Amino acid sequence: MDDLYREQILDHYKNPHNFGELPDADITQEGDNPLCGDVVTLYLKLDDGKLGSVRFRGRGCAISQASASMLTDMIVGRPVSELKHFPTSDLLEELGIQISPARMKCATLSVNTLRVALNGGAAEVEDE
Ligand code: FES
């Protein structure tokens, strides 16, 4: 079963969904993992209380970039009020593999960046 998920992660890494920038984004937020320097930047366009569209750019390990790609699929069209508290566990579940403590920062880089973006920088990070 793990192999299936690994393949899915590699596929998102090689062909990321919603990759790019939104020139008319309402919110642009960069997040990084200080341990390795990997980066994810989210571009969010809001539409009537919902996330109308989302793009991301980034560079880094397969898990950080694949999870960013998966996250964009999971959040588009959803109410911003909900996304402010998007559960890290939902993204980890979508990744589908056991994430070691050492890789947890990779797996949660994008969702932590989303929280900072939507909570004006005062994010509570509860991902360990
Ligand atoms: Fe840098 Fe994974 S090694 S985010």
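Figures for the structure shown
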| read-out | value |
| --- | --- |
| Sorted by Cβ neighbour density within 10 Å, fewest at the top, the residues HIS12, HIS85 | HIS85, HIS12 |
| Integer Hz, Karplus 6.51/-1.76/1.60 couplings in order for region 28-43, x for Gly and Pro | 10, 9, 9, x, 9, 9, x, 6, 10, x, 5, 9, 10, 10, 9, 10 |
| Kirkwood Rh in Å, taken over all unlike Cα pairs in region 1-121 | 14.2 |
| Under 15 Å, Cβ to Cβ, from GLY49 - net charge with Lys/Arg +1 and Asp/Glu -1 | 0 |
| Neighbour-count order for ASP47, ASP32, ASP3, fewest beta carbons within 10 angstrom listed first | ASP3, ASP47, ASP32 |
| Distant-in-sequence amide H partners of ASP26 (H built 1.01 Å from N, under 5 Å) | LEU44, LYS45, LEU46 |
| Order of LYS84, LYS105 - criterion: other Cβ atoms within 10 Å of each residue's Cβ, fewest first | LYS84, LYS105 |
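Laboratory data are not the source of any read-out in this text; all were calculated from the coordinates shown. Keep in mind the model is a prediction, meaning the values are calculated, not measured. Because the Cβ atoms are built from the backbone with ideal geometry, glycine has one as well, and the counts that use them run over all protein chains shown.
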